[in-house]
1. Expected output is a single nm value to one decimal: the length gained when fully extending between residue A:391 and residue A:427, i.e. 0.36 nm times separation in residues minus the C-alpha distance. What is it?
2. Mind listing the long-range amide H neighbours of residue A:231? Cut-off is under 5 Å, sequence gap 5 or more, other chains count too, H placed in the peptide plane at 1.01 Å from N.
3. Restricting to DSSP loop positions (anything but H, G, I, E, B) with no more than 11 other Cβ atoms inside 10 Å of their own Cβ, which GluC sites (Glu not before Pro) remain in the stretch A:78-185?
4. Which residue, chosen from A:127, A:41, A:69, occupies the Cα position most advanced towards the positive end of the dipole of the stretch A:1-132, where the dipole is computed from +1 (Lys, Arg) and -1 (Asp, Glu) charges on Cβ about the Cα centre?
5. Rounded to whole Å and ordered largest first, report the semi-axes of the equivalent ellipsoid of the protein assembly as shown derived from its Cα gyration tensor (root of 5λ).
6. So what's the net charge close to residue B:20: Lys and Arg +1, Asp and Glu -1, counting the other residues with Cβ under 14 Å from its Cβ?
7. Just how large is the dipole of chain B about the Cα centre, in debye to the nearest 20, putting +1 at every Lys and Arg Cβ and -1 at every Asp and Glu Cβ?
8. Peptide B:25-38: average number of partner chain Cβ atoms within 10 Å per residue?
Amino acid sequence: MFDTVLIANRGEIALRVIRACREEGLRSVAVYSSPDQEAPHVLAADQAVALGGTTPAESYLSEGLLLKAAADTGAGAIHPGYGFLAESAKFARSVEDANLTFIGPPSAAIEEMGDKPRARARMVTAGVPVVPGSGELSSIASAREVAEEIGFPIMIKAAGGGGGKGMHVVQNPADLKAAFERAQREAEGAFGDGRIYLERFLLRPRHIEIQILADENRILHLGERECSIQRRHQKLIEEAPSPCVDEVLRERLGAVAVQAAEAVGYLGAGTVEFLLEGSDFFFLEMNTRIQVEHPVTEMITGVDLVREQLRIALGYPALNGLDAPSPRGHALECRISAEDPQKDFLPSVGRVESLEIPTGPGIRWDGGIRVGFEVGLHYDPLLGKLIVHAENRAQAIERMRVALEELWIDGLATTQAYHLSVLGEEDFQAGALSIEYVQEHPELLRLVPPDLQKVAIATAVLCENHLDHEASLGVSDNKKVVGRQLSPWVQAGREW
Amino acid sequence: MRYYVGVNGEEVQALLNDGSLELEGEHMSATLHPLGATEAQMSLDGMRHRVYVRRTRAGWRIHTRGRTFEVTVEDERSRVIRELGGGMASRSNAPEVRAPMPGLIVRVLVDSGQEVEAGDGMLVIEAMKMENELKAEGAGLVGQIHVKPGQTVDKGDLLVSFESVTDE
């Protein structure tokens, strides 16, 4: 048992955990790097411990400093959030060895799921469908044999690779030899490891994932989320339920996800990710932690997943022993990041000069910033998540649009406008999604609504006119023209 | 007053007369009601819009309904001056330096008769809370200096003349 939780994280998820601790009557301990000294999670927690350092390695990834902070504050449990050490089996084991509670699954389960080839083999044994493919391939002859068996198109991948290098789609048997040799050369050149394997190429699949809750006695699922709107494997918009999952498919996916969790002795909250092609689905991976997009499940089920994590760690049964509630309505989440979609999602840095958070029925903001906070380059660019809940998907889209129009973060470029463009696009509105969506809709990056551009032009012209006007009037009155005590805007925008 | 407006890589012309704005052939009433340091209510033909405004180095950053626009605005007179070769954006053999904006002369960095190289600071002018150093666009011999520190100048005012210009 524990009464104090150390949160080994920062930003919106640290704040989210602090809130859940408060509701559960637990004390919270924040940790922080030097630049985060006045970050919102530090200000919100009951206690805060300086880790020093700037880079993640010097601070939020420093296992020794985190364990010492827990010991110094009497924290009996550590919540890792997501990212940083959340899926480090080694860290979870250190926490266990220090006789503290790791708020997550046992380190052995993290280890099982963390090693991707091993997890894949484990899932095959457990009867969970994986993308059909081969083991390591030694010759073009064996590649041809496997390819004929699973059918074209196929994808050739480097066994030691990642990041798209050495990956080739082969549409028909005639191209296999050339692609095989090229992939081998590239894999050798890029990774010093020429081993390759092949998988069936999934055609415009959708990303569907199942939320799991497991206690000592049972594992239950809370339905799916769809996260097909992603860029370079970074999710941008998530929703629940998925517009393409019916009750039958939901039960099939749920049963398989529970099977996957059972296979590794899972405990707590977790997510089993699938790729869906038509009505076929394939295990992708299991995330052994709370996920960024957990709120959409919370909105439609009414379950507080983070509080459930705490309660399961305290030894209570999941959902107090009740069945999973039936979902109601539709929820959407837009990740608001400090990235500029007009500049290929380049990270933007700066000080948050002002902040207006939308509100109203069914609107939720899980944020990690405040006015005056400097957003730097050392950490994840996620500033906050805008989440809405409504009676159905169409209404949720409208609600999100209105909320996004109200949101205003002054001081840095964000992904806000891009989300608005996606919400207004036909395929998105029709629920015709795939993980290729962002690439297939490049026009959305630069979309400009003409009516709003007109408003912007008129505003700028009136501001400029006012500047000129004031200057010509104010020659005898220096203060008026260059009044130091006034902000630039007041000088520019005072009514005349 | 006629304005040349740059937005999204395009240029449009706007004509502003007494609260009436003509934009690409369309006439509309336009009033701006400031609400605070960076916020205002823009009214276009009676339709109200919440806008957030920031002065930037290049012009204005306007945010409205989830969208942000970078807008540059140049009035007719400034454009004429610029095209004649005066002001900050003049050609390298500029015979003079003109004020690119209304503001306050903070410092004069050169003396009459001084040789300057391209890029040398000539004057510092303060406008919109920002100090802007006006640099020599080319090499030459400084002639008459027409302003003193503390003096307020209008856009386009002659600040420094050149005695002679060094050929490149």
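The values are calculated or read from the model by the stated rules, or taken from the named source; none is laboratory data. Nothing here was measured: the structure is a model prediction, and the numbers come from that model. Reconstructed Cβ throughout: ideal geometry from the backbone, glycine too, with neighbour counts over all protein chains shown. Please note that ligands, DNA and RNA were not included when accessible areas were found on the heavy atoms of the full protein model with its side chains. Shrake-Rupley method; radii C 1.70, N 1.55, O 1.52, S 1.80 Å.
1. Net length gain for the segment: 10.9 nm.
2. A:236
3. Hits after loop and neighbour filter: A:136.
4. The listed residue farthest towards the positive side: A:127.
5. 55, 30, 26
6. Net local charge, residue B:20 excluded: -3.
7. I would put it at about 880 debye.
8. 4
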